[in-house]
Structure formats: C-alpha cells, structure tokens
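Notes follow once the structure below has been shown.
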Amino acid sequence: MFYSNVENFKSATGYEIDGIWYPRVTSIVSIKAKPALYKFYADQANFAGAEAIKNKSAEEGTILHETVEAILKNEQPAIPDSVAPAVTAFLDFKKQNEIIPHQIETRVVSKKHHYAGTMDCLAELNGQLGVLDIKTSYAIYRDYGIQTSAYVEALRENPSMPPLKRWILRLDQSRHCIRGCGSKMREKGGNIKIRPAKGVAASKCPHVWGELIGEVELRELPDIEKDTKAFLACKDLWIWENEYWLKQIFRSK
C-alpha cells in the first residue's frame, strides 16, 4: 500500500482518539494472507475487472450492513430492493431470537496493546452477552475470529465487563435452482458464483434460477485465546511492515 506522507498513513490505517493515534484493527488484520481473495482475483479476466466487482460488492455489503444496524437501533429504514431478501431473512431471524443491542458501531480502544477498532455490536443474544459481528460474505472465514478477538480483548480492559461470547452473523442472498437439484447462484457485485449441490444429478442439471432468497447463518466462535494470540502476532508483523511510518509518528511525541 502506498502512502504519500505520514498524515495519509495515519488517516488510512488508524484513529486519532483524545489526541492519541491508534492503529485500526482492520488495518492490522489486513497483514495476514487472504487465500480466498487471491483466488477471486485469479478467477477474473483482469485486475481492473476484479477491482470493479470487489468495489461494487463492498457497496452492496455496506448497504445491507447499514440497513441491519438501523433495524437493531429500532429505526425504520427504507429497505433497498437490492438487499430486500437478505433483510427479510434477518427480520425473520430477529423474530425467532432475542437480540438486545447495548452498543452499535462503537469504537473500542486497547490501551494495553495500543490499537482501536469499530465493533459492529455488543449485544445480548438469547440471554448471552457478546460481540456480534455482521458479515455479508460468501462464507464465514477463519480471519473473522482474529478480528473479533481484538474487540473482546479491548473490552476486557474494563474490569466490570463480564465474560463475552463472539458470534458471526452472516447475511446473504442467492437464487436456488427451481429444478430441485439443490444448487445455488450468488450474484453479489455482479460476480456470478454457482455453488453446486453434491451428486450426479446436480452436476448435469440445466439450472433454472428462481427469485432471490435471503439467508442467515449464525456461528459462535470458539478458541478466543488462540485467536487473540494470532491477532497480536499480526500486530507485531504489521508494526514491522510499517516501521518507517510508525517511527515518524512516535518520534514526534
């Protein structure tokens, strides 16, 4: 990543909080290799096309993310047609599960480890308190455990904070083959991706795709101590990678 000067680096990778600059959780986690992302780029015709798809997908994800957070705040947002199936699926999930949000889009700071991040939601889910991270991805990736562990580690610095769970709430939408073979097609960002069902019948099926259907996947993340250790290792590597800029920031203090 190119940075034109130290101020550009600071704004791109961190937060200024009470006069102190902290590196951002997502910037730190970005140091880790992302095989799924590399495969996505490899599957596209060219880099420019891949970037266009990625940016459009990110925009769609942001719209869905912001709509769901507004609902959690008990607001009544307009629901864009482009994400309506996923929002409907979330509303159904919300009816079947008790979600009591305590903090939404809240910045958390670790003074012990010197980083900051913006947590999606600290909530009670069916009577248990934890960090609820909303994703609009194709799958639940292992990297999410590193990110959420950073938020929990920062929250733990409050001595009155009780033990916390971690959940990924994945929201998506796809078209199902109406011939009944069980295959699904996802079109996020204009990138068509077919997830075939297992079996000979599915592989030979001349798919006919139905209407968009929303889906919700909730997963509790285990092994927080292992994930926290991995996050702090990422932070050490990120510091090493950005030593040039960090020396300029802290030399001036």
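For the stretch 108-130, enumerate the residues that are touching a Phe, Trp or Tyr at 6+ places or on another chain (Cβ under 8 Å), farther than 16 Å from residue 16 by Cα and small (Gly, Ala, Ser). Within the stretch 108-130, just 130 meets the criteria. Can you name every residue in the stretch 107-163 that is part of a strand (DSSP E or B) and not aliphatic (A, V, I, L, M)? Within the stretch 107-163, 107, 110, 115, 117, 118, 120, 121, 124, 128, 130, 133, 135 meet the criteria. Search the stretch 195-237 for residues being surrounded by 15 or more Cβ atoms within 10 Å (Cβ to Cβ) and in contact with a Cys (Cβ under 9 Å, 6 or more places away or on another chain), and hand back the single one that is modelled with the lowest pLDDT. Going through the qualifying residues, I end up with 202. Scanning the stretch 24-39 for residues that are part of a helix (DSSP H, G or I) and touching a residue at least 40 places away in the same chain (Cβ under 8 Å) returns 25, 26, 27, 28, 29, 36.
Of a type in the set (A, V, I, L, M, F, W, C), within 22 Å of residue 133 (Cα to Cα) and surrounded by 12 or more Cβ atoms within 10 Å (Cβ to Cβ): is that true of residue 84 in this structure?
On the way: of a type in the set (A, V, I, L, M, F, W, C): yes; within 22 Å of residue 133 (Cα to Cα): yes; surrounded by 12 or more Cβ atoms within 10 Å (Cβ to Cβ): yes.
The answer is yes for residue 84.
Of all residues in the stretch 142-170, exactly one satisfies the criterion of being more than 29 Å from residue 88 (Cβ to Cβ), hydroxyl-bearing (Ser, Thr, Tyr) and surrounded by 17 or more Cβ atoms within 10 Å (Cβ to Cβ), namely 149.
Of these, 173, 103, which one is in a strand (DSSP E or B), surrounded by fewer than 21 Cβ atoms within 10 Å (Cβ to Cβ) and under 19 Å from the mean Cα position of the chain (by Cα)?
On the way: 173 fails: surrounded by fewer than 21 Cβ atoms within 10 Å (Cβ to Cβ).
The match here is 103.
For the stretch 209-229, a residue qualifies if it is under 21 Å from residue 136 (Cα atoms), in contact with a strand residue (DSSP E or B) (Cβ under 7 Å, 6 or more places away or on another chain) and not in a strand (DSSP E or B), and exactly one does: 221.
When the residues of the stretch 53-79 are narrowed to those that are part of a loop (DSSP other than H, G, I, E, B) and in contact with a helix residue (DSSP H, G or I) (Cβ under 7 Å, 6 or more places away or on another chain), which ends up nearest to residue 39 (Cα to Cα)? Steps first, please.
First, the residues of the stretch 53-79 that are part of a loop (DSSP other than H, G, I, E, B): 73-79.
The next check asks that each one be in contact with a helix residue (DSSP H, G or I) (Cβ under 7 Å, 6 or more places away or on another chain); those that pass are 77, 79.
Working: 77: 35, 79: 32 Å.
Taking the candidates together, the pick is 79.
Looking at the structure I just gave you, is residue 57 hydroxyl-bearing (Ser, Thr, Tyr), out of contact with any Pro (no Cβ under 7 Å at 6 or more places or on another chain) and under 20 Å from residue 174 (Cα atoms)? Before the answer, list the steps.
Details: hydroxyl-bearing (Ser, Thr, Tyr): yes; out of contact with any Pro (no Cβ under 7 Å at 6 or more places or on another chain): yes; under 20 Å from residue 174 (Cα atoms): yes.
Taking the combined requirement at face value, the residue satisfies it.
The values are calculated or read from the model by the stated rules, or taken from the named source; none is laboratory data. The structure displayed is predicted, hence computed values, not measured ones. Please note: Cβ atoms are built from the backbone with ideal geometry, for glycine as well, and neighbour counts cover all protein chains shown.
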